[in-house]
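Presented below is the structure to which this report refers.
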């Protein structure tokens, strides 16, 4: 049985935020900071954290929206998306990076630390690669990576995108490839959010292949 709990983190600017923590049964093989979509640390993000804890990772998912509104857990309707985007805009980028740094520090006793994020969290994960010092980073369909594509990462980076994503164009993916030739980038026959079982774009086959590639990436760069 994994051990799940809620903890409090303190960022470098003194901001306190909550985080969901999932620890494996027994010794951890590595640590993982899991970054939310624009829907908060909701049921899906907690489920992903649990799945990686079951694989032996010590996982912490910081509630980045605590900087604007605490306890945010949204669904996947249009009104949820609109609120999530509003909160994302309100908190900007520096605060979430500080919060990820606090999350990294909180799990560093469990081994080397990777950062992985989905949707908006995929973009925050990219900033963790360029502005922090994780062992490696995985970005799932980060829509704002294109805005920061010229920043230099300090670690190996893996990116997953959907070919039919209406938010992230093929031109954007090509521009990211050109700017970051050392990044491992894969494109799937899927839309946006293809890894989320609770979204209409969920693609089981693409999600499985992306998971296998992510675990292989961790085997190479984290474990």
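The values are calculated or read from the model by the stated rules, or taken from the named source; none is laboratory data. Computed from a predicted structure; not experimentally measured. All Cβ positions, glycine included, derive from the backbone under ideal geometry; neighbour counts span all protein chains shown.
Against the definition (surrounded by fewer than 17 Cβ atoms within 10 Å (Cβ to Cβ), under 28 Å from residue 131 (Cα atoms) and either modelled with pLDDT of 95 or more or within 19 Å of the chain's Cα centre (by Cα) (or both)), how does residue 197 come out, yes or no? No.
Of all residues in region 175-199, which are closer than 16 Å to residue 52 by Cα and in contact with a strand residue (DSSP E or B) (Cβ under 8 Å, 6 or more places away or on another chain)? Hits for region 175-199 are 195, 196. For region 200-223, the set of residues classified as touching a residue at least 60 places away in the same chain (Cβ under 8 Å), assigned to a loop (DSSP other than H, G, I, E, B) and in contact with a strand residue (DSSP E or B) (Cβ under 9 Å, 6 or more places away or on another chain) consists of 222, 223, listed by residue number.
Considering the conditions (1) under 25 Å from residue 145 (Cβ atoms); (2) in a strand (DSSP E or B); (3) without any contact (Cβ under 8 Å) to a residue 24 or more places away in the chain, residue 6 is excluded by exactly one of them, (1).
What are the residues in region 30-47 that are under 20 Å from residue 128 (Cα atoms), outside any strand (DSSP E or B) and touching a strand residue (DSSP E or B) at 6+ places or on another chain (Cβ under 6 Å), if any? Before the answer, list the steps.
Step one: filter region 30-47 for residues under 20 Å from residue 128 (Cα atoms), giving 30-41, 45.
Next, from what is left, pick out any that are outside any strand (DSSP E or B): 36, 38-39, 41, 45.
Answer for region 30-47, where residues must be under 20 Å from residue 128 (Cα atoms), outside any strand (DSSP E or B) and touching a strand residue (DSSP E or B) at 6+ places or on another chain (Cβ under 6 Å): 41, 45.
Filtering region 5-47 to residues that are surrounded by fewer than 22 Cβ atoms within 10 Å (Cβ to Cβ) and under 21 Å from residue 75 (Cβ atoms) leaves 6, 18, 20, 42, 43, 46, 47.
If the condition is being at negative phi, more than 15 Å from the chain's Cα centre (by Cα) and surrounded by fewer than 21 Cβ atoms within 10 Å (Cβ to Cβ), then region 88-113 contributes 89, 90, 91, 94, 95, 105, 108, 109, 110, 112.
With respect to residue 80, determine if the residue is touching a residue at least 24 places away in the same chain (Cβ under 8 Å), closer than 13 Å to residue 19 by Cα and outside any loop (DSSP other than H, G, I, E, B). Steps first, please.
Values: touching a residue at least 24 places away in the same chain (Cβ under 8 Å): yes; closer than 13 Å to residue 19 by Cα: no; outside any loop (DSSP other than H, G, I, E, B): yes.
Here the answer is no, as residue 80 does not meet what is asked.
One residue stands out among those in region 50-65 that are assigned to a helix (DSSP H, G or I) and touching a residue at least 40 places away in the same chain (Cβ under 8 Å): the one that is farthest from residue 117 (Cα to Cα), which is 54. Identification of helices (runs of 4 or more DSSP H) wholly contained in region 94-191 with 1 or more residues that are in contact with a helix residue (DSSP H, G or I) (Cβ under 7 Å, 6 or more places away or on another chain) and farther than 26 Å from residue 31 by Cβ yields 170-179.
Here residue 1 fulfils each of the conditions (1) surrounded by fewer than 23 Cβ atoms within 10 Å (Cβ to Cβ); (2) out of contact with any helix residue (DSSP H, G or I) (no Cβ under 9 Å at 6 or more places or on another chain); (3) in a helix (DSSP H, G or I) apart from (3).
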